[in-house]
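The values are calculated or read from the model by the stated rules, or taken from the named source; none is laboratory data. Source: prediction; values computed, not measured. Here Cβ is always computed from backbone atoms with ideal geometry, including for glycine, and neighbour counts include all displayed protein chains.
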Amino acid sequence: MGILYEDVVVINHAEKAEDSTVITVNCPDKTGLGCDLTRVILLFGLSICRGDFSTDGKWCYIVLWVIGKPNTRWNLLKKRLLEVCPSYFSTSRIYYYRPENQQPKPPDVFYLQFWCSHYRKGLLHDVTEVLCELELTIKRVKVSTAPDGRVMDLFFVTDTREQLHTKKRQEETVLHLRNKLGDILISCEIELAGPEVTACSQGTAFLPPAIPEGMFNLELPRGHPSGVLPFNPISITVDNALSPSHTLIQILCQDHKGLIYDIMRTLKDYGIQISYGRFFANPKGNCELDLFIMQADGKKIVDPNKQTALCSRLKMELWRPIRVAVVSRGPDTELLVANPVELSGRGRPLVFYDITLALKNLTTRIFSVEIGRHLINDREWEVYRILLDEADSNPVPRSKIEEGVRKILMGWK
């Protein structure tokens, strides 16, 4: 017997501001469900402080304790979580969403172009914040400053609600931008991008030679890698003796924004199924995870080479889930941020939002932005290239820019 639609995702709100909100998911299982759920939670800017996962291979029960925000849209969050759950209940044959064999078509890409009379502090972040609130996913950005000081922003976006082709949705978008930008907004246009424009927005495999060596390396360097805190190293152990049918992976590491998502997306890309797992982060920022896993064929991971490969990839994803560097582009300074794309084709959410927030906090102006997908080392990356405006007589040191951006992206204070 199945359960009712409204019971698939249940959100029990915290009674006190300092308490956690509990999200319960009870639905059929699928490989990568944990990744899809934690990605939605990360998209809404929530942090997971505790979690329990269990499944019998057909049905799963997941409980997540999350820290919310005063403006969290819980009803919308529930809707988005429901959308990534399997689409029907095989035990009850009760359909509550779309059939699983019905593949969704790729979303339409629109370009949103607007002119502002002049630059102001945090302009790009304010626009990004509006687009995120409207559930418009940014695929690519082109920003340029005209000689007369006017600023032109061109965003390539997709609409989670699939309504941007309608006049009502476009008017809503323009209204929100006007409310946020005020009188400096001169004009705003929204149009469907043609296939040739969409293809150009995907980027190429070529990147400037100034990129630091090893920025896209997928292997941990020997010895103590720079940037790993010596008092809190990453520890991953494998145990095949505790369970007759599962491999136990134990992880001890430092917490960061999207930690559970980074682990889940790695396991999803490897085709690993989680039968039982638990996660806990203490107030000091230390995390403990126990995951009972098996391969897609239902067997334990007994091959030492496979164990080593999986542990090495997990360590890398926990150490450097996002790559940040500040380099020279001729006489100018360029900020580079890169994150790996899931095999499903989805990139990490809110990266550009965090980048623009960090630069706003550092009072660093943005001259131009390019976002593209690049195939590097047999892996697809989402690369953000931000050319900084250093016209100010007292520019922020490059090391401080890199540190400030990384801290915001990782959720470190």
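For region 254-274, filtering for residues that are surrounded by fewer than 20 Cβ atoms within 10 Å (Cβ to Cβ) and in contact with a Phe, Trp or Tyr (Cβ under 6 Å, 6 or more places away or on another chain) leaves 0.
Being touching a Gly at 6+ places or on another chain (Cβ under 7 Å) and more than 15 Å from Asp262 (Cβ to Cβ) is the filter; apply it to region 310-360 and report the residue that is modelled with the highest pLDDT. Ranking the qualifying residues of region 310-360, first place goes to Ala358.
Taking the criterion of being loosely packed, with under 15 Cβ neighbours inside 10 Å and either assigned by TED's automatic domain parsing to the domain that holds Arg313 or part of a strand (DSSP E or B) (or both), the residues of region 361-413 that qualify are Leu375, Arg379. Going by the structure shown, is Lys300 without any contact (Cβ under 8 Å) to a residue 60 or more places away in the chain and surrounded by fewer than 20 Cβ atoms within 10 Å (Cβ to Cβ)? No; evaluated as a whole, the condition is false for this residue. Residues in region 281-293 that are modelled with pLDDT under 95, surrounded by fewer than 19 Cβ atoms within 10 Å (Cβ to Cβ) and on the phi < 0 side of the Ramachandran plot: Asn282, Pro283, Lys284, Asn286. Taken over region 1-56, the criterion of being farther than 15 Å from Met264 by Cα, of a type in the set (Ser, Thr, Tyr) and at pLDDT below 90 is satisfied by Tyr5 alone.
Filtered by the rule that a residue be assigned to a loop (DSSP other than H, G, I, E, B) and either outside the structural domain of Leu242 (by TED's automatic domain parsing) or not β-branched (Val, Ile, Thr) (or both), region 287-321 gives Gln295, Ala296, Asp297, Gly298, Lys299, Lys300, Asp303, Arg320, Pro321. Set side by side, the residues Ala358, Ala338 differ, and just one is small (Gly, Ala, Ser), out of contact with any strand residue (DSSP E or B) (no Cβ under 8 Å at 6 or more places or on another chain) and at negative phi, which is Ala358. Reported count of residues in region 108-136, each being touching a residue at least 60 places away in the same chain (Cβ under 8 Å) and among the β-branched types (Val, Ile, Thr), is 2.
Among the residues of this structure, Ile376 counts as one that is farther than 23 Å from Tyr111 by Cα and either within 24 Å of the chain's Cα centre (by Cα) or not hydrophobic (A, V, I, L, M, F, W, C) (or both).
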